[in-house]
């Protein structure tokens, strides 16, 4: 009987005294690293947002959207509502379109790329 009481007291005291000590020592990421990661993600999102909006402001994109009955203004407004993953996908397509447009390939630009940008932005925001 005495052995059970001593064992229970020993186990109880180990649990009570060791838990706070271990909890304080087991941080995977420091708060400073977490703040830095959040700031980095915010910066990446802003760069992606600027890439998408920049392509949506191009004359060629506005013309294609107009021919298809899509409004670029609503797409530009919707860019602010995209999450990081959706924004990264739209920005990749926007960067590809920007390379094609800035290279003078106005006739060769992929209609699929332009539609992808506009449709992703409009549908995700709705």
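The values are calculated or read from the model by the stated rules, or taken from the named source; none is laboratory data. In this text, all values refer to a predicted model and were calculated from it rather than measured experimentally. Note that each Cβ is placed from the backbone with ideal geometry, even for glycine, and that neighbours are counted across all protein chains shown.
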Among the residues of the stretch 53-100, which ones are more than 30 Å from residue 38 (Cβ to Cβ) and at pLDDT 85 or above? none
For residues in the stretch 58-90 being outside any helix (DSSP H, G or I) and surrounded by fewer than 17 Cβ atoms within 10 Å (Cβ to Cβ), which is nearest to the chain's Cα centre (by Cα)? 83
Any residue at all in the stretch 112-126 that is within 14 Å of the chain's Cα centre (by Cα) and either modelled with pLDDT of 85 or more or surrounded by fewer than 20 Cβ atoms within 10 Å (Cβ to Cβ) (or both)? yes
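Could you list all residues from the stretch 50-60 that are more than 16 Å from residue 92 (Cβ to Cβ) and touching a helix residue (DSSP H, G or I) at 6+ places or on another chain (Cβ under 9 Å)? If you could, list the steps in order and put the result at the bottom.
Here is the first cut: in the stretch 50-60, the ones more than 16 Å from residue 92 (Cβ to Cβ) are 57-60.
Residues satisfying the conditions are 57, 58, 60.
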